[in-house]
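Note sheet for the following structure.
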Amino acid sequence: MINNYLQLDRNTLRVIAAQFFLQLINVSFLAVLLIYMTKEGYADHESAGYYSYRYLGVLLFALPVGILIRNTRLKPFLVAPGIMVPTCSLVMLYAIHAHISWLLYIGTFCWGMFFTFVQVTALPYILRNTHPSYRSEAFALSYSTWSLSGILGGSLIASLHAINPDMFTERSILTLLSCLGFLSLYFALRVTKDNGPEADVPKTFHWKQYDWHLIGRGMLPTLLIATGAGLTMQFISLFFYNVHQVDSYPFATLQAVALILVFISIIIVPSIKRNLGYRTAITTTQSLAVGALVVLATTEYYAGTSIALYIAFGAYLIRQPLMNMSNPMASELVMNYVGKKNQEIISALTSATWNGSWYISAILFKFMRMHGVPYVHILLTTAGLYLIGIFLYHKLINAYEASEQTRLSNTL
């Protein structure tokens, strides 16, 4: 298994390293930014309203970027976010501290817009430049940047605060991590292999070029899973802070431990997929993750007891690797199902779907919290959306396996 990862070429690894340093900002902000905003005087619904604009930026630009990259090289779309994402992060931190609403909206929106570039281009880069024998490993390693960066970010947040709580506040630590994000630019500039699109890719864009019935069927379970995740996971720090009184620093430690488990689970994904197939590897892990989420949600009912926090920690540590390990498998399944000519557009739509869903979910979360809906009901709503999405993945796997059998029969 490890040998396959060692076969990945340097340029693929440089692209993944560029992803890593941008994800370092993303995951660290996700861990403590909302708690920091709460300490700066922002209510839950206010924080959600501002935070949603990062996903609006992705939603508006993901599809145009996906269309644009079909007939161009991808390196410029890796260099630009290496400059702009860290810059926008620093602008956001200043605007939060100074309570400058318009600047916070602009900084957050532009953050999402430029983060779109690397989200949309990473998988097409792997498809164009990585040997087919090692694409599963490249997909897995690309997805693992989220967990690896979270391990580093969470460890730094907790360690620096322990060293000097007065010097290393949420604001100063996030400023430091934003500056580290500029290392993404270093790796993006060192990418020397950047294959263009294949010769049979049409030079002009027409809606009829794509198999929209395949794309729609492939995207529907992703839409439901993404909406559910957006309703809960981007605000999970507020759940622990408000329900279980877990401050940003211990939560960062919890997230770092969870992401170690996520990283391990994602690294073994290619072996699991090869041994068990899509059906068991995707739907079983997701179903177990839903069970853990229900356990986590219901700890709010007995939050005053001594055992509630430990059960919440345990459920979170179980849920995170189980749900996240299915993502690279699900992406590979959808890419294979829709076919080569639809892959760039599906990459863009996947990014747009995840971030658009998280934007809508942020608005829903803001509305629900404004009206006093308890966290347990929000998390259980997520569990319901997950279950529907898992059923649709099951149906999609059936359709993919049937199409593969037909293709093999026709080639004999």
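The values are calculated or read from the model by the stated rules, or taken from the named source; none is laboratory data. Because the structure is predicted, anything quoted here is derived from the model rather than measured. Positions of Cβ are backbone-derived with ideal geometry, glycine not excepted, and every protein chain shown enters the neighbour counts. Remember, those area values only see protein heavy atoms, side chains included, never the ligands or the DNA or RNA. Shrake-Rupley method; radii C 1.70, N 1.55, O 1.52, S 1.80 Å.
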For helix 308-324, report the angle its Cα long axis makes with the longest principal axis of the Cα atoms of the chain; keep it between 0 and 90° and round to the nearest 10°. 20
With r defined as the distance between the Cβ atoms of H394 and Y94 and R0 fixed at 45 Å, what FRET efficiency is calculated, to the nearest 0.05? 0.45
Choose one answer from W207, W111, W354: the residue with the largest mean-square fluctuation in a GNM of the chain with alpha-carbon springs under 10 Å. W207
Any chance you could look up the accessible area of I260 with a 1.4 Å probe, heavy atoms only, rounded to 10 Å²? 70
Which FRET efficiency value, to the nearest 0.05, is calculated for Q405 and K39 with the Förster distance at 60 angstrom and r the Cβ-Cβ distance? 0.60
Could you state the angle between the C-alpha long axis of helix 170-180 and the longest principal axis of the C-alpha atoms of the chain, as a value from 0 to 90 degrees rounded to the nearest 10? 30
Using alpha carbon centers only, the range 75-125 is separated from the range 222-286 by a whole-angstrom value of 24
Label point at N71 placed 7 Å out along Cα→Cβ; residues across the range 209-228 whose backbone nitrogen lies under 17 Å: 209-210
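Distance check, please: which entries in K75/K366; K208/K395; K341/K366; K39/K75 exceed 30 angstrom between their Cα atoms? Show your work: numbers first, answer last.
On the way: K75/K366 37 Å; K208/K395 25 Å; K341/K366 39 Å; K39/K75 39 Å.
Correct reply: K75/K366; K341/K366; K39/K75.
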Contour minus Cα-Cα span, T298 to D166, at 0.36 nm per residue, comes to 44.0 nm
Where the Cα atoms of the range 158-269 are projected onto their three principal axes, how long is each span, largest first, in whole Å? 59, 38, 29
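Quick one: longest stretch of the chain between exposed loop GluC sites (Glu not before Pro), exposed meaning at most 15 other C-beta atoms within 10 Å and loop per DSSP?
By the stated rule (loop sites, at most 15 other Cβ atoms within 10 Å), 199-412.
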Which of the chymotrypsin sites (Phe, Trp or Tyr not before Pro) found in the range 57-94 are in a DSSP loop and have at most 16 neighbouring Cβ atoms, other than their own, within 10 Å? none
Would you mind checking the tilt of helix 212-232 against the longest principal axis of the Cα atoms of the chain, expressed as 0 to 90 degrees and rounded to 10? 10
Once you mark the trypsin sites (Lys or Arg not before Pro) that are in a DSSP loop and have at most 16 other Cβ atoms within 10 Å, what is the longest gap between them in the chain? 204-412
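How high is the FRET efficiency between L6 and I307 when r is their beta carbon distance and R₀ equals 45 Å, given to the nearest 0.05?
The pair L6/I307 has a calculated efficiency of 0.50.
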Could you give the dipole magnitude of the chain about its Cα centre, charging the beta-carbon of Lys and Arg +1 and that of Asp and Glu -1, in debye to the nearest 20? 980
Mind listing the Cα extents of the chain along all three principal axes, in Å, largest one first? 66, 42, 41
In percent, how large is the relative contact order of the chain, given Cα pairs closer than 8 Å and 6 or more residues apart? 29
Taking the inverse of the average 1/r across all pairs of different Cα atoms in the range 50-141, what Kirkwood radius in Å do you get? 14.2
Net lengthening on full extension, H213/K341 (0.36 nm per residue, minus Cα-Cα): 44.7 nm
May I have the extent of the alpha carbons of the range 1-101 along their three principal axes, as whole Å values ordered from largest to smallest? 50, 33, 21
